[in-house]
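Asks: Structure provided below as structure tokens; questions to follow.
FYI, it's all coordinate maths here, none of it is from the lab. This one's a predicted model, so the numbers in the text were calculated from it and none came from an experiment. Here Cβ is always computed from backbone atoms with ideal geometry, including for glycine, and neighbour counts include all displayed protein chains.
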Amino acid sequence: MPAILIIDDERAIRNVLKDILGNEGYQVEEAADGEDGFKKLKAGRFDAVLCDIKMPKLDGIEFLQKAKEEVPDVPVIMISGHGNIETAVDAVKKGAYDYISKPPDLNRLLITIRNALDRTMLVQQTKVLKKKVSGVQEIIGESSPIHKIKETIEKVAPTEARVLITGENGSGKELVARWLHEKSNRSAYPIVEVNCAAIPGELIESELFGHEKGSFTSAIKQRIGKFEQANGGTLFLDEIGDMSLEAQAKVLRALQEGKITRVGGDKEISVDVRVIAATNKDLLQEVEAKNFRLDLYHRLGVILIHVPSLNERREDIPLLVDHFLTAIAAEYRQVKKSIAAKALEALQQHNWTGNIRELRNVVERLVILSGKEITADDVKSYI
């Protein structure tokens, strides 16, 4: 049942609207002024808002602006008996879904609300579908370091700034990179990942820049490199601390000039990519050891994001465990298993050298080997 919030300082208007909408099957809540209405909007879950313009404490336009910042997807329909064309235009410019004069025409009011609710449903469905298509998991956690990472992503993602992500293996660096891409202006284009640690040094240049046919013994045909594949989108260089110095020099040139040359070729190819890099190493120590170029470090590290180890955010473990229990139950097509409080405490006390990746594996093992409820004894036996 859709929930609608009515905000109006006239009790009679609120009562009439509540009766009309209640008879149409809507769940209705009231507020007598904009300040109270904003508190209720933040505290509850509403599908639409009907808001007067002239009100004490917080007028309708001020409420509208705050509502658009707090819950931008909830449509706000402005209603007023003192308005004119200029007021209506101003309200719509500031984000109102529609403007209706008092006394409202019943048919128009109901049609407007129905259309607004349809829009809300479409927005929600689009978000769900986009999430399914993108395959990007949520960043789970409420700890201070995770809040900071989420805030940084919101600020940095829409820019073109290069980002260097640091953190231990299994801590979630790739997930941060994918969300930087997902929330960027390049999200319609691909994010292309290169694991620099998994590619032999003699092949990394061919992997990044491509090669021409015959450029070396096994080059039986032309190959397009990762830079070209990511054109218009994002190139994620994972474990960049393991890249050879020779490859680093060519990556630096590509970043400086926006051009690459395939191995065995002489033609310069323009590329438009945003580079996000990640490493589990201290690159400044690698610079001192002459294993990493200082100029490349400064090119890559415009924005630095450190992903904490799981041991540094143990308060997030209950949320992560619940998330994994839900995901594993869906994957195995079985009822989600419960977990005892003592079992959660035991998981929080464990030393997680493998971070999130290790925790996911442990939860899956517990789901498979434990009974209906995961107990502290299960954790002790199977961790």
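Asks: If you filter region 40-127 for trypsin sites (Lys or Arg not before Pro), then keep DSSP loop positions with at most 16 other Cβ within 10 Å, what is left? Display every interim value, and only then the final one.
Replies: Values: sites: Lys40, Lys42, Arg45, Lys54, Lys57, Lys66, Lys68, Lys93, Lys94, Arg108, Arg114, Arg119, Lys127; in loops: Arg45, Lys54, Lys57, Lys94.
For trypsin sites (Lys or Arg not before Pro) across region 40-127 that sit outside H, G, I, E and B with at most 16 neighbouring Cβ atoms in 10 Å, the list reads Arg45, Lys54, Lys57, Lys94.
Asks: Going through the cross-link list Lys18/Lys102; Lys155/Lys259; Lys39/Lys68; Lys148/Lys183; Lys173/Lys281, which pairs have a Cα-Cα distance over 18 Å in this structure?
Replies: On the way: Lys18/Lys102 15 Å; Lys155/Lys259 28 Å; Lys39/Lys68 14 Å; Lys148/Lys183 16 Å; Lys173/Lys281 13 Å.
Check vs 18 Å cut-off fails for Lys155/Lys259.
Asks: Could you pull out every one of the lysines with an alpha carbon less than 20 Å from that of Lys342, ignoring same-chain neighbours closer than 8 positions?
Replies: Within reach: Lys372, Lys380.
Asks: Taking H placed 1.01 Å from N in the peptide plane, check which residues at least 5 places from Leu50 or on another chain put their amide H under 5 Å from its amide H.
Replies: Leu5, Ile6, Ile7, Ile77
Asks: Stretched out fully, how many nm does the piece from Ala376 to Glu331 gain, at 0.36 nm a residue minus the Cα gap?
Replies: 13.8 nm
Asks: How far, in nm, would the chain grow between Glu151 and Leu294 when pulled straight, counting 0.36 nm per residue and subtracting the alpha carbon separation?
Replies: Values: separation 143, 0.36 × 143 = 51.48 nm, distance 2.80 nm.
Taking Glu151 through Leu294 to full extension adds about 48.7 nm, to one decimal.
Asks: Another question, if that's okay. Suppose we keep just the DSSP beta bridges with both residues in the chain; what percent of those would be antiparallel, to 5? Mind dumping the intermediate values first?
Replies: Numbers: 5 of 42 bridges.
Of those bridges, close to 10 percent are antiparallel.
Asks: Under 5 Å between amide H atoms, partner at least 5 residues away or on a different chain: which partners does Val271 have, H built in plane at 1.01 Å?
Replies: Lys259, Ile260
Asks: Quick one: what are the phi-derived ³J(HN,Hα) couplings along region 242-257, Karplus 6.51/-1.76/1.60 with θ = phi - 60°, whole Hz, x for glycine and proline?
Replies: Along region 242-257, the couplings run 9, 7, 5, 5, 5, 5, 4, 4, 6, 5, 4, 5, 5, 5, 6, 9 Hz.
Asks: What are the residues whose amide H is under 5 Å from the amide H of Leu58, where those residues sit 5 or more places off or on another chain and H is modelled from the backbone?
Replies: Gly34, Glu35
Asks: Additional query: Measure off 7 Å from each Cα along the Cα-to-Cβ vector at Glu70 and Val302, then give the distance between these two points in nanometres to one decimal.
Replies: Inter-label distance under the simple model: 3.5 nm.
Asks: Starting from the Cα of Lys66, draw a straight line to each of the aspartates and glutamates and keep only those under 16 Å, dropping any in the same chain fewer than 8 residues away.
Replies: The qualifying aspartates and glutamates are Asp33, Glu35, Asp36, Asp52, Asp90.
Asks: Hey, another quick one. Starting at the first residue of region 13-26, write each ³J(HN,Hα) from the Karplus equation 6.51 cos²θ - 1.76 cosθ + 1.60 with θ = phi - 60°, in whole Hz, x for Gly and Pro.
Replies: Values, residue by residue: 5, 4, 5, 5, 5, 5, 5, 4, 6, x, 5, 8, x, 8 Hz.
Asks: State, to one decimal in nm, how far the label point of Lys183 lies from the label point of Arg45, with both points 7 Å from Cα in the Cβ direction.
Replies: 2.2 nm
Asks: Let me ask something else about it. Could you give me the ³J(HN,Hα) list for region 88-104, computed from phi with Karplus coefficients 6.51, -1.76, 1.60 and θ = phi - 60°, whole Hz, x at Gly and Pro?
Replies: Along region 88-104, the couplings run 4, 4, 4, 5, 5, 4, 7, x, 5, 5, 7, 10, 10, 7, 8, x, x Hz.
Asks: So how far apart, in nm, are the two label points at Lys94 and Ser244 if each is 7 Å from Cα heading toward Cβ?
Replies: It is 6.2 nm.
Asks: Continuing with this model, one more query. Which percent, nearest 5, of DSSP beta bridges in region 144-306 are antiparallel?
Replies: Bridges in region 144-306 that DSSP calls antiparallel: roughly 20 percent.
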